[in-house]
Amino acid sequence: MTSDLRNRLLLLLLLPLCTLALLGVWMDYRSADEAAMRHDQRLLRLLPALADSVLAPGVGESQPVVWLMAPPIEDFLRSNASYTGYSVRDLSGNLLLGDDWVRTTVPETGEPEFHSVEEGGVTYRVAVQRGRTGAGELVVALADGTDPRQQWAQQLLLRVLLPNLLLVVAAGLAIHWAVGRAFKPLVDLADAVERRSPRDLSPIDEAASPAEVRPLVHSLNRLFNLVNAQADSQRRFVADAAHQLRTPLAGLQAQVEAWALLARSAAKAPANARLVDKKVLPGQVGQAQGAITLKASEIEKLRDATRRTSQLAHQLLALSRADARSMNAQPMQRVDLKDLCENMLELYLDAATGKGIDLGLDAQPVHVSGHDWLLRELLSNLVDNAIKYTPAAGSVTIRCATLTDLAGRPAAFLQVEDDGPGVPQQEVSHVLQRFYRVPGTGGEGSGLGLPIAEEIARTHGSSLVLEPGAGGKGLRVTLVFAAVERGSVPT
């Protein structure tokens, strides 16, 4: 758009300039034409003097006519001898006096005529008149190679077109530079908006914008405020809804867990037991036992559904609280990554052991600036995902340490690696989308674990790096922090 506007401005400025140049050419031609008309008038005034210079016819055919050059003619011929000429001819066109190259057709009448003659690379303006002389009726002609019209036509390229063309080109370059400088604030504004994150809805500084585009900047800021207000409203709604769901879901899950425990205990009762409270006879114990087993399986399904719903509500709340825009205003604290990893190991050790997974820890002392509870949520989601999708007898490793970035500065990282099925390369960009699950993935899940972790990583000015684990097997998820807190690099 900016380039098109620049081109349009250039065109609109150059068109009048070209028109003015053409007008200048026309005015220059008009000036040459007026000078040529004055020149023609001078030749017309000299023709009678040339005719009067012929005094008498020659004696015999071999003798030339008798003539005496009049002073005006002599002055004319001497003033510019290289570009002047004359001739006196009879009515048959035979040359009597003067230059043979000054030849024209014999006029039919006594009115003066003008012709053009090429000689020696010069175009001459020739004035011709048929009239009475001392030797009878003859044809006299004067030629002048300094005619302004002829000179203008011959020097059209060098004196007229080339200077105007250079003027237009120079003006075009100057206009292009000036327009570029004038549009630089607008281009900078467009680049600033282009570089913005989709989540950055902060207002643009109107004072730093050109006065001509301030109404546009004001409208953009108003739109940003409306979108930001709508996004805040949606985040509050999700957070409030998830928070309101947590309490009843927690109570429901506790009750379902208790029912599941009672159902499992009843299912393990001896087959010959008397169900005194239900007054079941020994022969009916088997049938009652089957009913209890059926109810136990239904309770197990209800328990699993309750757990998934409770986890989903927790993840929705975490996702809303982890939004980068809402966390930017909150100060960061000093976070001990090693302590965070050790706590996460303790938290998930029973779940990993129950599934037969080797949960390991490789942590070095390192501290970063961040939001402690958000990093806990991030690491919890990564470890939970790794344990959930890693098969029995697999391994999951939690790491934190330092590395050296491209600028040679120390940087901290958090990492969770497993040897499970991993994520296909073509799905890496999709698994960070909310509610997306890789087709064919087994187990339970809502598709929010990795998106929540990515949102938290973005809050800390970074992003998750997903790559295959050791030997190309499993998945390794890494979060690299921008810088390590001073004094936290291990020696």
*asked:* Name the residue that is nearest to L55 (Cα to Cα), counting only residues in region 105-135 that are of a type in the set (D, E) and part of a loop (DSSP other than H, G, I, E, B).
replied: E111
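Quick grid of which residues meet (1) assigned to a loop (DSSP other than H, G, I, E, B); (2) exposed (fewer than 14 other Cβ atoms within 10 Å of the Cβ):
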residue	(1), (2)
P72	no, no
D75	no, yes
S82	no, yes
G85	no, no
V88	no, no
S92	yes, yes
L97	no, no
D100	yes, yes
R103	yes, no
*Has region 338-346 got at least one residue that is at pLDDT below 95, assigned to a loop (DSSP other than H, G, I, E, B) and not basic (K, R)?*
no
*Could you give me the residue pairs with C-beta distances under 7 Å whose first residue belongs to region 451-479 and is outside the structural domain of R334 (by TED's automatic domain parsing) and modelled with pLDDT of 90 or more, whose second residue is assigned to a helix (DSSP H, G or I) and not hydrophobic (A, V, I, L, M, F, W, C) wherever it lies, and which are 6+ apart or on separate chains?*
none
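Quick grid of which residues meet (1) surrounded by fewer than 20 Cβ atoms within 10 Å (Cβ to Cβ); (2) over 28 Å from W26 (Cα atoms); (3) at pLDDT below 80; (4) hydrophobic (A, V, I, L, M, F, W, C):
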{"site": "F114", "(1), (2), (3), (4)": "yes, no, no, yes"}
{"site": "R125", "(1), (2), (3), (4)": "no, no, no, no"}
{"site": "V128", "(1), (2), (3), (4)": "no, yes, no, yes"}
{"site": "V139", "(1), (2), (3), (4)": "no, yes, no, yes"}
{"site": "Q151", "(1), (2), (3), (4)": "yes, no, yes, no"}
{"site": "L156", "(1), (2), (3), (4)": "yes, no, yes, yes"}
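Rundown of residues vs (1) closer than 30 Å to L23 by Cα; (2) at pLDDT below 80, yes/no style:
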| site | (1), (2) |
| --- | --- |
| R132 | no, no |
| L142 | no, no |
| W177 | yes, no |
| L186 | no, yes |
| D200 | no, yes |
| A211 | no, yes |
*Which members of region 398-418 meet the condition of being closer than 25 Å to D350 by Cα and crowded, with 22+ Cβ neighbours inside 10 Å?*
I398, C400, L414, V416, E417, D418
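Take the residues in region 395-422 that are touching a Gly at 6+ places or on another chain (Cβ under 6 Å) and part of a loop (DSSP other than H, G, I, E, B); name whichever of them is farthest from D362 (Cα to Cα).
Here is the first cut: in region 395-422, the residues touching a Gly at 6+ places or on another chain (Cβ under 6 Å) are 397, 417-420, 422.
Now drop any that are not part of a loop (DSSP other than H, G, I, E, B), which leaves 419-420, 422.
On the way: D419: 16, G420: 19, G422: 21 Å.
The selected residue is G422.
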*Unmet requirement for D372, which otherwise passes all of (1) in contact with a Leu (Cβ under 7 Å, 6 or more places away or on another chain); (2) acidic (D, E); (3) free of Cβ contacts under 8 Å to residues at least 40 places away in the same chain*: (1)
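The values are calculated or read from the model by the stated rules, or taken from the named source; none is laboratory data. This structure is a prediction, so every number in the text was calculated from the model and none was measured. Every residue, glycine as well, gets a Cβ built from its backbone with ideal geometry; the counts of neighbours run over all protein chains shown.
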